[in-house]
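Report on one structure; see the data block that follows.
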Amino acid sequence: MTRCVVVGSGAREHALAWGLRASCDVVVTPGNPGIAAMGIPCVSTSPTQLEADLFVIGPETPLVAGVADMLRGQGKVVFGPNADGAQLEGSKAYLKEFLSAAKVPTANFGTFHEEAAAIAYLRRQSAPYVIKTDGLAAGKGVLVTDSLAEAEADVRDKMSGESFGDAGKCVIIEEALRGEECSLLVVCDGQRAFPLVPAQDFKRVGDNDEGPNTGGMGAFAPLPRMSPDDVQRVMDDIIAPSLRELRRRHVNFRGVLYAGVMLTAQGPVLLEYNVRFGDPETQVLVPLLGEGLYDLLYRAATGDLHHAPVCANRAAVTVVLAAEGYPVSPRSGDVITGLNDQGQLLDALEGVTVFHSGTSRNEDGHFVTAGGRVVSVTAMADTLHGARALAYRAASRIEFAGQQFRTDIAQKYDSEAS
Ligand code: AMP
Ligand code: GLY
């Protein structure tokens with residue numbers, strides 16, 4: 001049987017492993033207790049020591065560190081870009097330089113290595129202010145605020161190395177854009193690229209987009225406010241020039257190019273690229289992709305992608321249950337009720353899957369919290385309305401002390417979708 005290794009330990013990797021196992025034997029390194037509970041082997045061995053027909057790298061950190069280069073150097077087939085392509089996510093300063101060379105629409109910005117210059121620039125801008133760390137910050141390195149005092153304090157914290165270490169020492173100050181946000185994940189084989197259905201994630205910790213940014217508190221797909229014409233416009237105005245620029249730089253990008261796009265009145269504008277599947281978007285996209293997942297990733301990894309992936313004509317919603325204190329200082333060790341020995345709902349609901357990220361098992365074998373985002377509860381149904389209702393019904397059956405979740409994932413779109 002075909003064998004696939006998935007690298008990573010979050011709910012995204014849980015969803016990938018769950019989706020891939022319909023077509024192959026899957027091993028995850030290092031994986032997590034929720035993946036293992038499903039009967040999917042998790043090993044602590046480095047991927048360089050494993051053999052498989054396909055390696056799928058989930059998170060950005062190993063991609064930026066060159067794990068894909070290392071595996072390709074061993075002759076392995078890998079889904080995920082080399083370190084050169086991963087720079088699009090690894091450094092926002094590099095991204096901005098890349099986008100201007102490629103002539104891709106993006107927010108106006110300044111890049112700063114010195115605090116005094118950053119503060120002076122900030123004072124010349126008008127609210128809202130957008131401050132970003134240059135390096136990787138697990139989705140938490142961006143502040144959007146109307147308060148100049150808060151913006152200045154954030155610049156000082158970041159540049160002193162206090163909040164993000166070296167990743168924060170260079171900051172980007174950006175023009176604030178308004179509009180509908182969408183995540184368009186595009187699968188690339190080095191030459192060709194095809195989009196998955198558009199998704200949206202919810203980055204702020206609280207309802208109505210209040211509170212600090214997180215890794216993502218929920219997601220849904222497809223996005224009713226994004227028409228096929230809108231998708232085509234992103235492909236033409238953003239993705240196509242980026243692929244040309246990658247080729248010009250001799251970057252053979254085989255993996256997901258995830259465009260975080262703001263649909264503004266002037267057209268789509270790129271907020272950021274990620275170089276991997278989104279988390280939590282993957283928890284809704286994988287169920288919609290169904291059994292075509294292995295073929296899609298294998299073809300992209302081997303430079304042989306010739307047609308768009310087929311997605312089910314259904315809708316999916318995922319709701320993240322997060323630990324007390326997330327995103328600042330999540331508490332661990334709270335016992336989770338409502339899950340069976342496989343880590344799924346004790347009272348099963350058809351169309352629902354629980355993807356684990358921050359769980360472990362205590363000495364009695366019970367699942368306990370062990371990270372900020374604890375589980376993603378995904379539901380798939382014929383309509384967005386149905387998927388949303390089902391996801392929240394399922395989420396209400398899982399409990400732990402201090403649990404936080406948003407009650408408004410996909411809410412305002414609920415009535416717009418068929
Ligand atoms: P990023 O990591 O660049 O995607 O930023 C995280 C989040 O901050 C985005 O999903 C947006 O919600 C918000 N954001 C980033 N850049 C801007 C911008 N220029 N204008 C408005 N919101 C932004
Ligand atoms: N959903 C945001 C991210 O994966 O970075």
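Structural remarks
- For the stretch 239-259, a residue qualifies if it is more than 19 Å from the chain's Cα centre (by Cα) and either under 18 Å from V104 (Cα atoms) or within 14 Å of ligand 2 (Cβ to nearest atom) (or both), and the qualifying residues are A240, P241, S242, L243, R244, E245, L246, R247, R248, R249, V251.
- Among the residues here, A101 qualifies as away from ligand 2 (no atom under 16 Å from the Cβ) and at pLDDT 90 or above.
- Selection from the stretch 242-285 of residues that are of a type in the set (D, E, K, R) and outside any strand (DSSP E or B): R244, E245, R247, R248, R249, R276, D279, E281
To keep it simple, each residue is scored yes or no on (1) at pLDDT 95 or above; (2) within 15 Å of ligand 1 (Cβ to nearest atom); (3) in contact with a strand residue (DSSP E or B) (Cβ under 9 Å, 6 or more places away or on another chain).
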{"site": "P195", "(1), (2), (3)": "yes, no, yes"}
{"site": "P198", "(1), (2), (3)": "yes, yes, yes"}
{"site": "D209", "(1), (2), (3)": "no, yes, no"}
{"site": "P212", "(1), (2), (3)": "no, yes, yes"}
{"site": "G218", "(1), (2), (3)": "yes, yes, yes"}
{"site": "R233", "(1), (2), (3)": "yes, no, yes"}
{"site": "D236", "(1), (2), (3)": "yes, no, no"}
{"site": "I239", "(1), (2), (3)": "yes, no, yes"}
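- Among the candidates G85, G110, the residue that is in contact (Cβ under 8 Å) with a residue 60 or more places away in the chain, outside any strand (DSSP E or B) and among the small types (G, A, S) is uniquely G85.
- If you go through the stretch 180-219 and keep only what is assigned to a loop (DSSP other than H, G, I, E, B) and either away from ligand 2 (no atom under 16 Å from the Cβ) or not aromatic (F, W, Y) (or both), you end up with G190, Q191, R192, L196, V197, P198, K203, T214, G215, G216, M217.
- Where K412 falls short, out of the listed (1) at pLDDT 95 or above; (2) over 19 Å from G351 (Cβ atoms); (3) not in a strand (DSSP E or B): (1)
- Residues that are small (G, A, S) and surrounded by fewer than 21 Cβ atoms within 10 Å (Cβ to Cβ) were ranked within the stretch 47-89; the one that is farthest from ligand 1 (Cβ to nearest atom) is G75.
- Scoring N362 on the criteria (1) within 22 Å of D279 (Cβ to Cβ); (2) without any contact (Cβ under 8 Å) to a residue 60 or more places away in the chain; (3) not basic (K, R) leaves a single failure, condition (1).
The values are calculated or read from the model by the stated rules, or taken from the named source; none is laboratory data. It should be emphasised that the depicted structure is a prediction, and the values quoted were computed from it without experimental measurement. We place every Cβ from the backbone using ideal geometry, glycine too, and count neighbours over all the protein chains shown.
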